[in-house]
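> Mind having a look at this structure? Questions to follow.
Read-outs throughout are calculated quantities, based only on the coordinates presented, and are distinct from any laboratory measurement. Since the model is a prediction, treat every value here as computed from it, not as a measurement. Heads up, the Cβs are rebuilt from the backbone with ideal geometry, glycines too, and the neighbour counts pull from every protein chain shown.
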Amino acid sequence: MGCTRIIVTHYGGPDALQVVEEECPEPKRGEVRVRVLAAGVCLPDIMAREGVHPETPAVPFTPGWDLVGVVDRLGDGIAGIEPGQTVAALPIHGAYAEFICLPQRELVPVPPGLDAAEAVSLILNYVTAYQMLYRSAKVRSGQRVLFHGASGGVGTALLQLGRLAELEMYGTCSSRGAPAVSELGGVPIDYRNQDYVQEIHRLTGEGVDAVFDPIGGTHLWHSRMALRPGGRVVGYGNTTSLRGEGLGSARTGRRNRLHGIPIYALYIAGGWLLPGRKRIVPYSIQTLKRLKPALFRQDLIALLDLLQQQKIKPLIAQRFPLAEARSAQEMLGKGGVIGKIVLVPNRSALESGPA
Ligand SMILES: NC(=O)c1ccc[n+]([C@@H]2O[C@H](COP(=O)([O-])OP(=O)(O)OC[C@H]3O[C@@H](n4cnc5c(N)ncnc54)[C@H](OP(=O)(O)O)[C@@H]3O)[C@@H](O)[C@H]2O)c1
């Protein structure tokens with residue numbers, strides 16, 4: 001049986017993405033083959049395509065951090081899971097495909113009746129948001145928080161979960177994202193035309209309890225200035241390696257996967273050494289999942305439950321057929337996307353509905 005997969009042929013721009021048709025993969029012992037119903041498209045996919053994300057595989061590789069799909073075939077030695085069951089997984093790469101084979105331990109059951117695109121939005125974006133809120137920042141009702149990139153994939157997840165946690169929320173975004181941030185209960189701050197540190201101090205007086213910063217670089221230190229004494233910045237990305245100083249696809253030359261790490265280390269140390277008890281703590285979903293896989297499973301199950309109870313509602317920016325992955329990444333790369341872009345297997349799956 002033939003099936004479709006997307007590969008990154010070289011580190012660079014969207015032209016590095018190619019559609020390949022090939023034999024379907026067969027599950028090895030201990031593996032389960034999953035027919036993908038929805039795969040998330042995220043900034044880390046683009047960073048891996050550009051060769052600047054710490055999790056960048058060697059080329060050629062299939063991108064795609066997260067997926068929801070249906071169990072299709074079982075390898076030898078599999079028990080406790082049946083063909084037809086809907087599952088979620090965070091393979092980090094490989095999800096831009098019609099079929100993927102994964103170890104059984106990677107699969108989390110998805111309750112019936114959920115829309116696959118909404119469910120896939122929970123895996124990377126909402127687990128990241130949830131773990132940063134409750135495990136890194138340990139937020140409590142009534143606290144003040146600042147979310148950078150508030151109208152993006154992780155940002156809208158932070159706003160929805162922050163509203164449930166009864167936080168007072170501020171969110172940086174471009175002017176296009178401001179209505180979405182207000183709608184989700186945050187006070188928008190236009191990062192392109194306002195100094196967010198000044199704005200936070202004008203609006204709150206002493207500053208916020210926590211800042212969630214995916215931008216990285218010197219931006220982390222600026223975020224620290226928005227804290228009240230005793231607050232913390234949760235640093236979870238390095239968007240500056242893609243934007244700002246810009247990379248990449250327009251330029252030739254070396255791509256450094258780890259170039260943001262030393263500055264993180266410096267700022268973490270600075271946070272401890274300087275007065276004011278304002279800490280900078282790093283967060284990485286993949287590191288926490290590798291160290292404590294049970295927490296990832298537990299938190300994803302809690303979020304799927306919140307989705308089923310309709311307490312959260314992921315914003316789907318657009319659904320693209322798998323073969324149009326390049327257009328999907330081009331759209332995300334241009335910026336201004338509100339919520340999550342999702343790949344579905346084909347045109348007939350573009351409508352929402354139960355998985
Ligand atoms: N550590 C982890 O475990 C983890 C997990 C998931 C994601 N991440 C990181 O999270 C980041 C966001 O990923 P995503 O998929 O949510 O991306 P996304 O959907 O593209 O959202 C990024 C948002 O950031 C905004 N933005 C860009 N520059 C900004 C700035 N200087 N100040 C404030 N906002 C700015 C963009 O708004 P405009 O386009 O309107 O300017 C966009 O809404 C990435 O860096 C990714 O690597 C980390």
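> Quote the charge dipole size of the chain about the Cα centre in Debye, to the nearest 20; the model charges only the Cβ of Lys and Arg (+1) and of Asp and Glu (-1). Display every interim value, and only then the final one.
Details: 38 positive and 32 negative charges, 233 e Å.
Value, rounded to 20: 1120 debye.
> Taking the number of other C-beta atoms within 10 Å as the exposure measure, put His201, His53 in order starting with the fewest.
Values: His201 16, His53 24.
Ranking His201, His53 by Cβ neighbours within 10 Å, fewest first, gives His201, His53.
> In a Debye calculation with equal point scatterers on the alpha-carbon sites of the range 1-54 and no solvent, what is log10 I(q)/I(0) at q = 0.29 Å⁻¹?
Reported log10 I(q)/I(0), two decimals: -1.10.
> Let me ask something additional. Evaluate the distance, in nm, between pseudo-label points positioned 7 Å from the Cα of Ser175 and of Glu330 along their respective Cα→Cβ axes.
Distance between the two pseudo-spin positions: 2.6 nm.
> Enumerate lysine pairs in the chain that are 8 or more residues apart or on different chains, then count those whose Cα atoms are under 19 Å apart. Write down the numbers at each step before the final one.
Values: Lys138/Lys278; Lys138/Lys289; Lys138/Lys292; Lys311/Lys340; Lys313/Lys340.
So the count of such lysine pairs works out to 5.
> Let me ask something additional. Going by C-beta contacts inside 10 Å, put Asp45, Asp299, Asp76 in order with the fewest on the left.
Details: Asp45 30, Asp299 21, Asp76 9.
If I rank by nearby Cβ atoms, fewest first, I get Asp76, Asp299, Asp45.
> Order these by the 10 Å Cβ neighbour count, fewest first: Glu21, Glu106, Glu330. Mind showing how you got there, number by number?
Details: Glu21 10, Glu106 19, Glu330 14.
Ordered by Cβ neighbours within 10 Å, fewest first: Glu21, Glu330, Glu106.
> Here's a follow-up. For the chain, with the dipole built from +1 on Lys and Arg beta-carbon atoms and -1 on Asp and Glu ones, taken about the Cα centre, which of Cys24, Val68, Leu304 lies farthest toward the positive end?
Leu304
> Projecting each Cα onto the charge dipole of the range 1-129 (Lys/Arg +1, Asp/Glu -1 at the beta carbon, about the Cα centre), which of Val59, Gly80, His10 comes out farthest on the positive side?
Gly80
> Roughly how many debye, to the nearest 20, is the charge dipole of the range 19-130 about its Cα centre, given +1 on each Lys and Arg Cβ, -1 on each Asp and Glu Cβ, and no other charges?
On the way: 7 positive and 16 negative charges, 53 e Å.
Roughly 260 debye for the range 19-130.
> Using only the alpha-carbon atoms, what does the chain span along each of its principal axes? Please give whole angstrom values in decreasing order.
Taking the Cα atoms of the chain, the three principal extents are 62, 48, 36 Å.
> Along the charge dipole of the chain, Cβ charges K/R +1 and D/E -1, which of Val344, Tyr126, Gly271 sits furthest on the positive end?
Gly271
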